[in-house]
Amino acid sequence: MTLEMYPTLSCNLNCLFCDTTDRHRPPVDELSEKRLLEIVDEAAAIGVKRLFLLGGGEPLLRKKATPAVMERAKFHGMEGILTTNGTLLGSSLAAQLIAMAWDEVHFSIDGPDAQTHDPLRGQPGAFKKTVRNACRLSVLKRRAGVQTPRIALHFVLTNRNHHTLTQMVELAAAIGAFRIDFDALIAYTDAQKALALTAEQRQAVADSAPKAMARAHELGIVTTLDNFMHPDKIDRGSTMPPIPTGEGFKAAPCLKAWHYLVVAADGKTSPCCVLAGQGGSIANTPVSKVWQDDPFMNSVREGMLAGQPTPRCKECSWNILSHEALIRSHL
């Protein structure tokens, strides 16, 4: 159903919570623009309906390849989603997105002001650039009389911004976003662990989430705040996904291995971002071959059907698990 592609692991920012340690090194083994376009073609041939372009790095650093991939996806009639830090989304690219009827752009913003956002993103002036570019896209849409691309915000919850939930909802409304995805921090390194919430802060988030949800309802903004109503759901990395009751697919904790394929910048695959790069490569192998026959993909499928997710599945986001639960509810 969905192909998630990382055009690059390079980035122009230096986010404190980022887990891509090679984001500032020269690109290594990145797929060529030609191969990226072929992958989109191959995905369309086996019925893929959605292309999700995001990260590991900043996808718009591939200044020629990423827009070309987006155009190819829309040529095939795919739904297109781009996640970006927004600093590089200038006026010409904004106009191009509107012209190609791109579906959604998700801007990563981690605070309602520069004082909060910029230190987390590791670059002074990042907040101003991102908000300016998001607002420009919103204005250009209105001028063109179109509804797409829809704008969403993505926010990573840390001990530096946990108190800004309602302010972030109001920022989303001011920019013209229809949704804001609040997500929990996943901490591997000491720098990331230094951003983790204390027990008191987790409780404070659970206490403030209803107020932010009420404000979002007033403003017509969709959020993921329902996943933050309980302190035990705010952490990532410590709890395995719950095993549902039933048989077959209904008992699988996660269904991504049957509807989702992630392709890293070097062509390695996985069924999700948490397991990125652990599967076979499509650098020189057709998408259909990897999707059907890759040993890692099939081992994940077998484990899910047996109610035995991989150990790293405990790092999954509650937002993703909610998506999977919704799918499972229709089986």
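Within segment 288-312, being of a type outside the set (Asp, Glu), open to solvent by less than 50 Å² (accessible area, probe 1.4 Å), assigned to a loop (DSSP other than H, G, I, E, B) and without any contact (Cβ under 8 Å) to a residue 60 or more places away in the chain holds for one residue alone: 310.
Of the residues contained in segment 184-191, one or more are found to be at pLDDT below 95 and closer than 19 Å to residue 223 by Cβ. Only one entry of 228, 178 meets the criterion of being of a type in the set (Phe, Trp, Tyr) and either in contact with a Leu (Cβ under 9 Å, 6 or more places away or on another chain) or within 18 Å of residue 310 (Cα to Cα) (or both), and that entry is 228.
Pairs meeting the criteria (first residue in segment 98-112 and in contact (Cβ under 8 Å) with a residue 12 or more places away in the chain, second residue of a type in the set (Phe, Trp, Tyr), beta carbons under 8 Å, at least 6 apart or on different chains) are 108/155; 109/127; 109/155; 110/155; 111/127. Out of all the residues in segment 253-269, which are assigned to a helix (DSSP H, G or I), buried (at least 22 other Cβ atoms within 10 Å of the Cβ) and not small (Gly, Ala, Ser)? Answer for segment 253-269, where residues must be assigned to a helix (DSSP H, G or I), buried (at least 22 other Cβ atoms within 10 Å of the Cβ) and not small (Gly, Ala, Ser): just 256.
Checking residue 35 against (1) closer than 21 Å to residue 2 by Cα; (2) outside any helix (DSSP H, G or I), only one condition comes out false. Which one? Single failed check for residue 35: (2). Here residue 285 meets the list (1) free of Cβ contacts under 8 Å to residues at least 12 places away in the same chain; (2) under 19 Å from residue 313 (Cα atoms) almost entirely, failing just condition (2). Quick check, is residue 277 surrounded by 14 or more Cβ atoms within 10 Å (Cβ to Cβ), touching a strand residue (DSSP E or B) at 6+ places or on another chain (Cβ under 7 Å), at pLDDT below 90 and under 26 Å from residue 9 (Cβ atoms)? Yes, satisfied. The number of residues in segment 234-250 being outside any loop (DSSP other than H, G, I, E, B) and under 18 Å from residue 195 (Cβ atoms) comes to 0. Residues in segment 8-41 that are modelled with pLDDT of 95 or more and buried (at least 19 other Cβ atoms within 10 Å of the Cβ): 4 in all.
The values are calculated or read from the model by the stated rules, or taken from the named source; none is laboratory data. Just so we're clear, the structure is a prediction, and the values are computed from it rather than from any experiment. Using ideal geometry, Cβ is built from the backbone for each residue, glycine included, and neighbour counts are taken over all protein chains shown. Please note that ligands, DNA and RNA were not included when accessible areas were found on the heavy atoms of the full protein model with its side chains. Shrake-Rupley method; radii C 1.70, N 1.55, O 1.52, S 1.80 Å.
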